[in-house]
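A short write-up of the structure that comes next.
Laboratory data are not the source of any read-out in this text; all were calculated from the coordinates shown. In this text, all values refer to a predicted model and were calculated from it rather than measured experimentally. With ideal geometry, Cβ positions are generated from the backbone for all residues, glycine too; neighbour counts draw on all protein chains shown.
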Amino acid sequence: MRGFIVALWGKLFAREGIRYLFAGGMTTVVNFSVFAIMYEIIGIDDTISNVTSISISIVFAYIVNKQFVFSHRCNSIKELAQEFFKFVGSRLFTMAVEVGGVWFFVRMLEVNAMLGKAVSQVVVVILNYIISKLIVFRGARQ
């Protein structure tokens, strides 16, 4: 039975795009969960909640993308550090896109914060894949 499950898992997640969507979904769950707990339950400001939830999800996303999506290996600590900082730098850029998007929807359009975050996430997920594929994990297995 275990062999069947492993084989099925391998077939389902054989393609990089599918693995990215799955990992992105998990990252989004982390992002939204932290945001919802901080904003909706605890009552912390939407911007603070958003920045915190994105920061936590950046670390989660690096680990999942490096190991599960792109299976990228580094040959030295220096290479690992460079990769990590490229990843974090790219995610800080898209964090600014997301924070700006949520701010725009909530403050300017007076849309519900969760809806504004969801719309902003669509743009961010697309940007993150492109940047990860072309810059951060360039040359990783397909």
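Things worth noting here:
- Charge tally for ASN128 (other residues, Cβ to Cβ under 14 Å; Lys, Arg +1; Asp, Glu -1): +3.
- Taken over the stretch 15-136, lysine pairs spaced eight or more positions apart, or on distinct chains, with alpha carbons under 22 Å apart number 6.
- 3J(HN,Hα) couplings calculated from phi for the stretch 82-97 with the Karplus curve 6.51 cos²θ - 1.76 cosθ + 1.60 (θ = phi - 60°) are, in sequence order, 4, 4, 4, 5, 5, 4, 4, x, 5, 6, 5, 4, 6, 5, 4, 4 Hz; Gly and Pro show x.
- Using a Förster distance of 35 Å, the FRET efficiency for SER71-PHE32 (Cβ separation, nearest 0.05): 0.85
- Loop-resident trypsin sites (Lys or Arg not before Pro) (DSSP state other than H, G, I, E or B) in the stretch 21-88 with no more than 13 further Cβ atoms inside 10 Å of their Cβ: ARG73.
- Considering only alpha-carbon pairs that sit under 8 angstrom and 6 or more positions apart, the relative contact order computed for the stretch 15-136 is 24 percent.
- With the simple spin-label model, which puts each label point 7 Å out from Cα in the Cβ direction, the ILE63 to ALA96 separation comes to 2.8 nm.
- Seen from VAL106, the other residues with C-beta closer than 15 Å to its C-beta sum to a net charge of -3, counting Lys and Arg as +1 and Asp and Glu as -1.
- Taking a Cβ cut-off of under 9 Å around VAL69, the surrounding Lys, Arg, Asp and Glu residues balance to a net charge of +1, with basic ones at +1 and acidic ones at -1.
- Rounded FRET efficiency, nearest 0.05, which uses the C-beta distance separating ILE44 from LEU115 and R0 of 30 Å: 0.95
- Dimensions of the stretch 15-136 from C-alpha coordinates, computed as largest minus smallest value along each principal axis and given longest first, are 47, 26, 21 Å.
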